[in-house]
Every structure is written in C-alpha cells, then in structure tokens.
Amino acid sequence: MQIKNILKDRILHGQYPLDTNIPPEPRLEEEFGVSKITIRGAIKELVQEGYLEPSSGRGTRVVRNTKAVKRSTRKSFTELLVEEGHAMRKKLLSAAIARHEPETEQRRLHGEAGIKVERLYLLDEAPYIHYAHYLPARLEKADLSALAEQSLYGFLEESGIVLASFRDAFAVSAAPSDVASHLRLTPGAPVLKRLRYAYDEAGAVVEYSEGYYNTALQHYVVNYEA
C-alpha cells in the first residue's frame with residue numbers, strides 16, 4: 001500500500017508525466033527493495049484506479065494524473081501545475097518531536113510538544129515552497145521517514161486519522177531566515193504565506209502547517225468553474 005501511494009503521488013506531482021511510462025518493474029524492485037509480487041500488486045491497484053495502463057511489451061503508461069473527486073470540478077494547485085507540464089518533487093528536511101514555545105499556535109493546538117515535519121517542494125527542481133507541518137505527539141511511533149515520498153494526508157490516513165475538513169488562510173509575509181535559505185531568497189523577501197488547519201471527524205485539528213511560497217517563481221493559482 002505504501003509503495004502504491006508513493007507511485008500515485010509521483011503521478012499526481014508530474015514526476016511520471018501523462019502519456020509516459022513509469023520505470024520498469026526491475027528498477028522499482030531495486031529502488032524499494034521489495035519483491036516483484038509487491039511491485040506488481042501496487043501497479044495492479046493503480047491500473048484498477050485508472051492511473052496506469054499496461055501494454056504488452058511496451059511498459060506501463062500513465063493515463064490519468066488527477067484525482068477523481070465526486071461532485072467537484074475544482075482541481076488542486078498541484079494538479080493545475082502538472083497539467084501545464086510542470087513537475088513537483090518533495091524533499092524531506094526533518095521529522096522529529098519538537099517542543100512548542102508558549103503563546104504559539106502550535107502550543108495552543110497540540111500542547112507542549114508534537115511532531116514537526118519540515119519539507120521543501122521543488123518546482124521543476126527549483127526550490128518553490130517551504131512547509132512546516134505540526135502533528136500531534138501521538139504519531140511519534142509512526143514511520144516518519146515515509147514522508148520523504150508519501151503524501152502527508154495519505155500518511156495520516158494510514159495512521160488511522162480520517163480527515164473531514166480543511167481551512168486555509170493566506171497573507172503576505174517576510175521570509176524568515178531559515179525559510180529564505182531553503183528557497184534561495186534574501187532574508188525578509190516578500191513571500192506568500194499559507195496557514196492550513198486540517199480537522200478530523202470530531203472537529204479536532206490534526207495538522208497545522210505554515211507554508212511559504214516563492215511566487216516570483218510561480219503564482220499561486222486557483223481555477224473556478226462557472
């Protein structure tokens with residue numbers, strides 16, 4: 001399941017572009033260190049979900065790179081970028097238990113300590129978004145290294161957390177020095193800041209994140225259907 005989710009995430013982020021083949025099975029076996037049966041099982045599920053199409057002697061082709069969402073025509077920001085021919089790649093910077101300073105949003109939501117996951121998103125290999133995700137401390141025994149490739153929300157679902165709703169807030173902000181360093185910007189340079197709150201079915205915040213976007217590289221885009 002984890003390998004399937006990683007391959008799916010690569011498709012959705014344009015690392016395996018539409019109408020191209022994913023790497024052959026032996027290469028995936030070597031990369032993940034698993035058996036041929038495991039790789040074939042992951043590919044089979046992605047074929048059943050409509051993302052891949054096998055062809056005898058010609059490899060396995062990507063035939064869809066967007067999620068199927070019932071009763072919705074809105075596409076995510078990443079999906080829009082991938083449709084335009086871009087590729088997005090995640091880089092895990094750190095994932096560990098962190099102490100929350102008093103009078104901070106992290107402290108208010110998750111108490112004295114929780115998990116901090118820091119990731120960098122590269123747009124066509126250029127640093128584009130810096131994310132700091134804050135999760136409850138109860139997830140400390142989960143395999144955080146999986147977040148190097150896996151979707152954060154897929155990781156939460158595998159950990160038994162069902163996400164019910166999200167709230168985003170946007171602002172213009174000066175890039176903190178550590179963020180500016182990762183995004184290759186001058187400290188204090190203006191960036192787009194996004195705060196996200198992800199809620200479970202009981203209405204509790206299970207993820208709070210702070211994202212900084214270098215919009216000089218790419219605008220944040222939202223498309224709406226009339």
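Per-structure values
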{"read-out": "Chain lengthening between residue 168 and residue 216 when straightened (0.36 nm per residue, less Cα-Cα)", "value": "15.2 nm"}
{"read-out": "Flagged links, alpha-carbon separation over 31 Å, of 36/193; 44/116; 36/90; 67/193; 36/116; 8/141", "value": "36/193; 44/116; 36/116"}
{"read-out": "Lys, Arg +1 and Asp, Glu -1 on Cβ, resulting dipole of region 1-116 about Cα centre, debye, nearest 20", "value": "260"}
{"read-out": "Cα-based equivalent ellipsoid, region 84-226: semi-axes from gyration tensor eigenvalues, Å", "value": "24, 18, 16"}
{"read-out": "Among 86-92, 17-23, the order from most to least packed when residues are scored by Cβ within 10 Å on average", "value": "86-92, 17-23"}
{"read-out": "Förster radius 35 Å - calculated FRET efficiency between residue 181 and residue 223, Cβ distance, rounded to 0.05", "value": "0.60"}
{"read-out": "Descending semi-axes in whole angstrom, ellipsoid equivalent of region 59-141, from the Cα gyration tensor", "value": "32, 16, 13"}
{"read-out": "Å² per residue, accessible surface of the chain at 1.4 Å", "value": "55"}
{"read-out": "Region 1-26-region 104-164 distance, computed between alpha-carbon centres (Å)", "value": "21"}
{"read-out": "Rounded to whole Å, sorted largest first: equivalent-ellipsoid semi-axes of region 20-103, Cα gyration tensor", "value": "30, 22, 13"}
{"read-out": "At q = 0.17, 0.19, 0.22 Å⁻¹, base-10 log of I(q)/I(0) for region 115-183 (Debye sum, equal scatterers on each alpha carbon)", "value": "-0.80, -0.96, -1.14"}
{"read-out": "Cβ-based charge dipole, the chain, positive-most Cα from 206, 182, 102", "value": "206"}
{"read-out": "Per-pair calculated FRET efficiency, R0 = 22 Å: residue 96 and residue 197 via Cβ, rounded to 0.05", "value": "0.50"}
{"read-out": "log10 of Debye I(q)/I(0), alpha-carbon scatterers only, for region 1-65 at 0.12, 0.20 Å⁻¹", "value": "-0.24, -0.71"}
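The values are calculated or read from the model by the stated rules, or taken from the named source; none is laboratory data. This is a predicted model, so every value here is computed, not measured. Positions of Cβ are backbone-derived with ideal geometry, glycine not excepted, and every protein chain shown enters the neighbour counts. We work out accessible area using only protein heavy atoms, side chains counted, and drop any ligands, DNA or RNA first. Shrake-Rupley method; radii C 1.70, N 1.55, O 1.52, S 1.80 Å.
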